[in-house]
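Right, one structure below, let's go through it.
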Amino acid sequence: MLEVRDLKVYYYTKKGVARAVDGVSFSLKRGESLGIAGESGCGKSTTGMAIMRLVERPGRIVGGEVLLDGTDVLKMDEESFRREVRWRRISMVFQGAMNSLTPVYTVYQHFKETLKAHGAYAGEEEAREITVKMLRMVSLPPEVADRYPHQLSGGQKQRVAIALALLLSPEYVIADEPTTALDVIVQAQIINLLKELQEKGMSIILISHDLGVISALSDKLLIMYAGKAVEYGSAEKVLRNPAHPYTKMLLEATPRVSGGELRWIPGSPPDLTNPPSGCRFHPRCPLAKEVCREEEPKMVEVENGHWAACHFT
Ligand code: SF4
């Protein structure tokens, strides 16, 4: 079980303190998948980086817990976390990962170097075997091992990036915008691949601005706005009965196969060094009332296993 409780990540900038993640909580059982959705800058990638303890200065994790089977990994010393948790139990496919493959390395060399970096390299023969096994896992043929990144398509590179993240058999994988910059057909292939991995027992946290991509894969959904969790619960319930005005607007802005009018969300997300008072969504919310400007709404359970933070749910 992975449990994130009241996580807070702040960035200490010259302009002021940006509360990028400000009290986010969720949990994920083994084999479950969670989608985190919201516009750019809402804190979804920072949440993933915080779980991996990879938030860089001027950012800092200032509060909360990340419990992995009951142990708060934020309290572990860096050496133990690196040795026991990062990549081994929780792994991440970073945004733009397919473009960060080293151009002068073949695919095999990427696997070999990653094994070496984690003290898991036991010779050329075994490393080759592992590479081919990992490539198979992401439906790539063995000959891809000897290709350079420039000889692969975008979808193949993304599969290699996912295979590298799976190399040490983690229990949880965080995939940050894994389908961005890929065409629709390849996007569907990557989503199917993630589904297959989930069916094999892997827990996946899928981060995307695209609710369409996320809803295809997730058991649970977390909707974030301006560093806050605004809605959370079973994906089926959140999608069938969205309780927060922002979620409703996000859904209306998501293209559907069935067609229907597409709307956009007017305005833009706030500056997190000076967020709006009360409900952070109030300047863009068509339902905002005086209380929304004055009081911050708390997360309340709107139905069994479904929560939202709005004064009027
Ligand atoms: Fe809109 Fe008010 Fe609900 Fe915020 S609390 S989402 S401003 S109605």
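The values are calculated or read from the model by the stated rules, or taken from the named source; none is laboratory data. Here the structure is a predicted model, which means the values were calculated and not measured. Neighbour counts are summed over all protein chains in view; Cβ atoms, including those assigned to glycine, are modelled from backbone coordinates with ideal geometry. Side chains are part of the model used for accessible areas, which takes the heavy atoms of the whole protein and leaves out ligands, DNA and RNA. Shrake-Rupley method; radii C 1.70, N 1.55, O 1.52, S 1.80 Å.
Label-point separation (nm) for residue 136 and residue 262, each offset 7 Å from Cα along Cα-to-Cβ?
4.1 nm
For segment 218-271, report the convex hull volume of the alpha-carbon atoms normalised per residue, in Å³, without decimals.
Dividing the Cα hull volume of segment 218-271 by its residue count gives 90 Å³.
Tell me, in nm to one decimal, what length is gained between residue 84 and residue 129 on full extension, where the rule is 0.36 nm per residue of separation less the Cα-Cα distance?
Taking residue 84 through residue 129 to full extension adds about 13.8 nm, to one decimal.
Hey, can you find the accessible area per residue of the chain for me, probe 1.4 Å, expressed in square angstrom?
Accessible surface, normalised per residue, equals 47 Å².
Which whole-number percent of Cα pairs in segment 44-92 have a distance greater than 12 Å?
When all Cα pairs of segment 44-92 are counted, 63 percent exceed 12 Å.
So which lysines can residue 133 reach, going by Cα to Cα under 26 Å and dropping same-chain residues fewer than 8 places off?
Within reach: 112, 116, 157, 195, 200.
May I ask you to list the lysines whose Cα is less than 25 Å away from that of residue 14, ignoring any residue fewer than eight positions away on the same chain?
44, 228
For residue 150 and residue 185, calculate 0.36 nm times their separation in residues minus their Cα-Cα distance, and state this gained length in nm to one decimal.
That works out to 10.6 nm of additional length.
Which longest run of the chain has no exposed loop site in it, a site being GluC sites (Glu not before Pro) in a DSSP loop with at most 12 other beta carbons within 10 Å, and the site itself not part of the run?
57-260
Starting from the coordinates of the alpha-carbon atoms of the chain, obtain the Kirkwood hydrodynamic radius over all distinct pairs and give the value in Å to one decimal.
Kirkwood hydrodynamic radius for the chain: 20.5 Å.
Hand me the trypsin sites (Lys or Arg not before Pro) from segment 260-313 located in a DSSP loop with no more than 14 other Cβ atoms within 10 Å, in residue order please.
263, 289, 298
What are the trypsin sites (Lys or Arg not before Pro) within segment 180-261 that DSSP puts in a loop, where the Cβ has at most 15 other Cβ atoms within 10 Å?
Answer by residue number: 200, 256.
State the dimensionless ratio Rg/Rh of segment 100-169 (Rg: radius of gyration of Cα atoms; Rh: Kirkwood radius).
That ratio is 0.92, to two decimals.
Translational diffusion coefficient, Stokes-Einstein: compute it for segment 5-79 using the Kirkwood radius over C-alpha pairs as Rh, at 37 °C and 0.692 mPa s, and state it as an integer in µm² s⁻¹.
Taking Rh from Cα pairs, D becomes 250 µm²/s.
Working only with C-alpha atoms, what are the Rg and Dmax values of segment 40-182, expressed in angstrom?
When restricted to the Cα atoms of segment 40-182, Rg and Dmax are 16.0, 47 Å.
Rounded to the nearest percent, how much of the accessible area of the chain (1.4 Å probe, protein heavy atoms only) is carbon and sulfur?
Carbon-and-sulfur percentage of accessible area, whole number: 51.
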